[in-house]
1. Does Gly386 fit the bill of being small (Gly, Ala, Ser), closer than 28 Å to Ser457 by Cβ, more than 8 Å from the ligand (Cβ to nearest atom) and touching a strand residue (DSSP E or B) at 6+ places or on another chain (Cβ under 6 Å)?
2. I need a count of the residues in region 425-477 that are part of a helix (DSSP H, G or I), closer than 29 Å to Ala267 by Cβ and either of a type outside the set (D, E, K, R) or out of contact with any Ser or Thr (no Cβ under 9 Å at 6 or more places or on another chain) (or both).
3. Only one of these conditions is not met by Gly400: (1) away from the ligand (no atom under 16 Å from the Cβ); (2) more than 24 Å from Lys273 (Cα to Cα). Which number is it?
4. How many of the residues in region 165-211 are under 15 Å from His136 (Cβ atoms) and among the small types (Gly, Ala, Ser)?
5. From Phe183, Phe204, Phe158, which residue is under 18 Å from Ala117 (Cα atoms), among the hydrophobic types (A, V, I, L, M, F, W, C) and over 18 Å from the mean Cα position of the chain (by Cα)?
6. Give me the residue from region 267-307 that is free of Cβ contacts under 8 Å to residues at least 40 places away in the same chain and within 16 Å of the ligand (Cβ to nearest atom) and, out of that set, farthest from Arg444 (Cα to Cα).
7. Run down Ser269, Ser299, Ser303 and say which single residue is modelled with pLDDT under 95 and not hydrophobic (A, V, I, L, M, F, W, C).
8. Cβ-Cβ below 8 Å, separation at least six or inter-chain, first residue in region 346-359 and hydroxyl-bearing (Ser, Thr, Tyr), second within 11 Å of the ligand (Cβ to nearest atom): which pairs?
Amino acid sequence: MQVLHVCSEMYPLLKTGGLADVVGALPTAQIAEGADVRVLLPAFPDVRNGIPDTVLVAEIDSFAGRVSLRYGTYHGVGVYLIDAPWLYDRPGSPYHDQSMRAYPDNHRRFALLGWVACEMAKGLDRYWRPKLVHAHDWHAGLACAYLAANGYPARSVFTVHNLAYQGLFAAHHMAELWLPSSFLNVYGLEFYGQISFLKAGLYFADHVTTVSPTYSREITRSEFGYGMEGLLQDRQRQGRLSGILNGVDEGIWEPSHDTRLTARYDAESLKDKAKNKIHLQKTMGLEVNESLPLFAVVSRLTSQKGLDLVLEALPGLLAQGGQLALLGAGDAVLQQAFLAAAADYPEQVGVQIGYHEAFSHRIIGGADVILVPSRFEPCGLTQLYGLKYGTLPLVRRTGGLADTVVDCALENLADGTASGFVFDDCDAAALGNAIRRAMVLWGRPKHWRHVQRHAMSLDFGWQVAAKDYLSLYQRLL
Ligand code: ADP
């Protein structure tokens, strides 16, 4: 079974969020299960530099000009690169310029990704032809439309990593994308008069998945559906929508082998975790004191992540003797607010604005609690890293957070199933109550240890998801 993953990011070559982590791990896990899996990516500079040895597979005329398809391998995974420097050779983010403005030709840049995927299904590489195209997020959504326009040369799965990003473009671009104009239809990829790359995936794919079971149900409701809920309800009724929980790449996120930590540890050597905490307190200029509960945030700073609630609940957290270490980048207002809190409470609040892979490991290894109070969360990875690192997640009960964290309610503590702190309402009072419960448990070190050990024993490896995707592919073929 030849499977082609079509996407815009792949860890560690290029990453802006959880999508990259998934594409960096899932193909390897599927190959370990015996599947013939490859990846198709635009040749962004970081991708091209990360795979310097490639061979030319084909050259082809497209609506975006003549492009080359190249092939190389990266840590045992075959990767096809779409070489079109006039589209992809731009510094910084793959999606926007340095002033955060989306590139004006994004419709062409990402339509080309989908178009090449379809050409591959038609046999662009004479020696390897996918029977199933697995497209990820809006960037790859048009792959499903091109397959439909070409008589379905391969089956398709479209995975939604985040429904909030829709890839909307003006309808007049339709003419240049080599798709039938009839597709610009409510029964197609039209969304209120615009082209929606996301909807193309949702509508034309043979099967749609989300990255957690709860999120797959939530998006059929208007609060989470961004206007796509009707289409998604249809799919749900037809059995063509399901959720498969993401895993953790244990080659990268494993506290007993993590070379980015000051001290490695496992469930039996949790006292070594404290060395990471001391180091983190020092580097962030916080009061160095092992007994103070250290809360952490590692996140994009967007309203999705509910970090405005953390700002509101912060005075309570600090009044109870807690500390906060935050690593994040994004919304300028949130950045300023957290920097101001750090200036006001230098011994209790440490803030690092930016994106730092190594530092994210040191924060998650060093903190006691990882905060993920998201308004919605398709899966969420940082709470999974928290579980593995014995850094108890404090999360809102939504999406993948609801599927992965069990609250420290008395009955769960008694049953030995508790792994973190979960709150329901999306407001600072509910978050504050959960923080209070974390503080109370912190005051009972024996219980805290117990929950930590249980959290660390949970298995969120990629094997389960890899097998689930493979049986889905088999069903579709
Ligand atoms: P999303 O994909 O919505 O950003 P996830 O929790 O699924 O959220 O994945 C986020 C990924 O990005 C995690 O691997 C997390 O550690 C990482 N990350 C987020 N912000 C930063 C940052 N500022 N520095 C380093 N890594 C970050």
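The values are calculated or read from the model by the stated rules, or taken from the named source; none is laboratory data. Values in this document were obtained by computation on a predicted structure and should not be read as measured data. Please note: Cβ atoms are built from the backbone with ideal geometry, for glycine as well, and neighbour counts cover all protein chains shown.
1. Numbers: small (Gly, Ala, Ser): yes; closer than 28 Å to Ser457 by Cβ: yes; more than 8 Å from the ligand (Cβ to nearest atom): yes; touching a strand residue (DSSP E or B) at 6+ places or on another chain (Cβ under 6 Å): yes.
Answer is yes for this residue.
2. We begin by selecting, within region 425-477, every residue part of a helix (DSSP H, G or I); these are 428-442, 445-457, 462-476.
Imposing the further condition that a residue be closer than 29 Å to Ala267 by Cβ reduces the set to 431, 433-442, 445-457, 462-468.
Then drop every residue that is not either of a type outside the set (D, E, K, R) or out of contact with any Ser or Thr (no Cβ under 9 Å at 6 or more places or on another chain) (or both), which leaves 431, 433-442, 445-457, 462-467.
So the count comes out to 30.
3. Gly400 satisfies all of (1) away from the ligand (no atom under 16 Å from the Cβ); (2) more than 24 Å from Lys273 (Cα to Cα) except (1).
4. 4
5. Details: Phe183 fails: under 18 Å from Ala117 (Cα atoms); Phe158 fails: over 18 Å from the mean Cα position of the chain (by Cα).
Answer to the selection: Phe204.
6. Looking at the filtered set, the residue picked out is Thr302.
7. Values: Ser269 fails: modelled with pLDDT under 95; Ser299 fails: modelled with pLDDT under 95.
Only one candidate passes the filter, namely Ser303.
8. Tyr355/Ala329
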